[in-house]
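**Student:** This is the structure, below, for whatever I ask next.
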Amino acid sequence: MAGSATAVRDAGVSNTPMKGTPRSEAAAAAHSLAAGSYVAEQALKDTLMHLARFFMVVVGLYASYKIRLYAVIVYGRVIHEFDPWFNFRATQYLVDNG
């Protein structure tokens, strides 16, 4: 028995596989397939996360556009009291012309 264990050890084959190594060709193929499917699954998750982020940015931009143009949509294109440039020019006119 000791001689056969030595021959197996010298041939580089072990009765107990090392941690993370497959046991046979079928196991190696299954391990390779599982690793490939993990990579594909991770790529799919990354793609979905990028799409979700892109969608969130688009929704945020659309909402900010609608909020910014709310007064124009509701009241039309008139100057409102919250326009700082109009307030500056009106104040300047009042200072100059009293």
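The values are calculated or read from the model by the stated rules, or taken from the named source; none is laboratory data. Keep in mind the model is a prediction, meaning the values are calculated, not measured. We place every Cβ from the backbone using ideal geometry, glycine too, and count neighbours over all the protein chains shown.
**Student:** List every residue pair whose Cβ atoms sit under 7 Å apart, with the two residues 6 or more apart in sequence or on different chains, where the first one lies in the stretch 44-72 and is of a type in the set (Asp, Glu) and the second, anywhere, is surrounded by fewer than 10 Cβ atoms within 10 Å (Cβ to Cβ).
**Tutor:** none
**Student:** Looking at the stretch 70-78, can you tell me whether even one residue there is assigned to a helix (DSSP H, G or I), charged (D, E, K, R) and at pLDDT 75 or above?
**Tutor:** Just the residues of the stretch 70-78 that are assigned to a helix (DSSP H, G or I), to begin with: 70-75.
Filter once more, keeping what is charged (D, E, K, R): none.
For the stretch 70-78, residues assigned to a helix (DSSP H, G or I), charged (D, E, K, R) and at pLDDT 75 or above: absent.
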